[in-house]
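Peer 1: Just dropping this structure here.
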Amino acid sequence: MNVEILRLFHRAERDKRVTTHCGLVGRAFGASGMYIYGDKDEKVVSSIQKVNKAWGGKFFVKYIDNWKTFIKEAKNEGKTIINLTMYGIPLPNVLEKLKTENNNLLVIIGSEKVPIDVYMLSDYNISIGNQPHSEVAALAVFLDRIFNGLEFYKEFEDAKLKIVPQEKGKKIIQLNNKDFK
Ligand code: SAM
């Protein structure tokens, strides 16, 4: 299953941390990358690249110029478009269908008010509970369910650092770390 994220309407000052956290959650929970529409903010890209460098994997972050065209093209490429929204159908109602219907998903998360066109262009409008909360939490729950808890056993390619879980304390080992700074 290949899951990509589309983060809509990023605002450089207000959303810097939240958008970075969407990327970190996406990476850790098994998505392959995140497209961002909104203010161009190289800090988000560099923060995620830094994490990739130390902790491995190839999670990408790319800016797009036109969200409507991008969603239409993703649809034409055969991706299933999923808009995460508190107004949508509860995830458990469609989860099994989503897992079997298509291997390529584009998951949309908003920041400010999401326009109705996003709802209309999406194949599914899905809620993670019908209460307002956060794009970070919505994304985490969605990925956890779609990947059956992959975050608990996922290994990252070319990791330089790896945590050895401890009951108490912190243990990190360095792997292949000749050129790691
Ligand atoms: N009020 C905005 C609107 O009308 O679309 C939503 C803003 S909310 C802070 C930002 C994003 O979090 C939403 O676009 C959605 O992707 C996600 N989100 C928040 N609560 C959610 C829920 N209960 N289920 C699914 N996604 C949710």
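The values are calculated or read from the model by the stated rules, or taken from the named source; none is laboratory data. Everything quoted here is computed from the prediction, not taken from an experiment. Every residue, glycine among them, receives a Cβ derived from its backbone with ideal geometry; neighbour counts consider all protein chains shown. Accessible surface areas use protein heavy atoms only, side chains included; no ligands, DNA or RNA. Shrake-Rupley method; radii C 1.70, N 1.55, O 1.52, S 1.80 Å.
Peer 1: Amide H of Met86 versus every other amide H placed in the peptide plane: which residues, excluding those fewer than 5 positions away on the same chain, fall under 5 Å?
Peer 2: none
Peer 1: Further question on the same structure: Using each residue's phi in the stretch 10-15, evaluate 6.51 cos²θ - 1.76 cosθ + 1.60 at θ = phi - 60° and report the 3J(HN,Hα) Karplus result to the nearest Hz, with x for Gly and Pro.
Peer 2: In residue order, the calculated couplings are 5, 10, 3, 6, 5, 9 Hz.
Peer 1: Moving on. Mind ordering 73-81, 106-114 by average Cβ neighbours within 10 Å, highest first? It would help to have the intermediate numbers written out before the result.
Peer 2: Numbers: 73-81: 14.6, 106-114: 19.3.
Top to bottom by mean Cβ count within 10 Å: 106-114, 73-81.
Peer 1: Tell me which residues come under 5 Å, amide H to amide H, from Val61 once H is placed; ignore anything under 5 positions away on its chain.
Peer 2: Met34
Peer 1: How far is it, in nm, from the label point at Glu167 to the one at Glu112 when both lie 7 Å from their Cα along the line to the Cβ?
Peer 2: Result: 5.2 nm between the two label points.
Peer 1: Sticking with this structure for a sec: Amide H neighbours of Lys160 under 5 Å, at least 5 residues apart or on other chains, H built in the peptide plane: list them.
Peer 2: Trp55, Gly56
Peer 1: For the chain, just list the percent of Cα-Cα distances falling in each 5 Å bin from zero outward, please.
Peer 2: With a bin width of 5 Å, the distribution comes to 1, 8, 17, 20, 20, 15, 10, 6, 3, 1, 0.
Peer 1: Leaving out ligands and nucleic acids, and using a 1.4 Å probe, what accessible area per residue does the stretch 2-174 come to in Å²? Write out the running numbers ahead of the final one.
Peer 2: Working: 9510 Å² over 173 residues.
It amounts to 55 Å² per residue over the stretch 2-174.
Peer 1: Please give the solvent-accessible surface of Arg11 in Å², to the nearest 10, using a probe radius of 1.4 Å with every protein chain present.
Peer 2: Arg11 exposes around 60 Å² with every protein chain in place.
Peer 1: Something else about it: Which pairs, out of Lys79/Lys99; Lys58/Lys113; Lys53/Lys79, put more than 19 Å between their alpha-carbon atoms?
Peer 2: Numbers: Lys79/Lys99 13 Å; Lys58/Lys113 31 Å; Lys53/Lys79 29 Å.
Beyond 19 Å between Cα atoms: Lys58/Lys113; Lys53/Lys79.
Peer 1: If you don't mind, there's one more thing I want to ask. Can you give me the % of accessible surface on the stretch 2-174 that is carbon or sulfur? Probe 1.4 Å, all protein chains present, nothing else counted. Please list the in-between numbers first.
Peer 2: On the way: 4940 of 9510 Å².
Ligands and nucleic acids excluded, carbon and sulfur give 52 percent.
Peer 1: What range in the chain is the longest one free of chymotrypsin sites (Phe, Trp or Tyr not before Pro) that are in a loop by DSSP and have at most 12 other Cβ atoms within 10 angstrom?
Peer 2: Working: sites that count: Tyr153, Phe180.
Within the chain, the longest run free of exposed chymotrypsin sites (Phe, Trp or Tyr not before Pro) spans 1-152.
Peer 1: Sticking with this structure for a sec: With every protein chain left in place, what is the accessible area of Lys154 in Å² (1.4 Å probe, nearest 10)?
Peer 2: The value for Lys154 is about 70 Å².
Peer 1: Right, something else. Round to the nearest 10 and report in Å² the accessible area of Thr19, as given by a 1.4 Å probe over the protein chains' heavy atoms.
Peer 2: Approximately 0 Å² for this residue.
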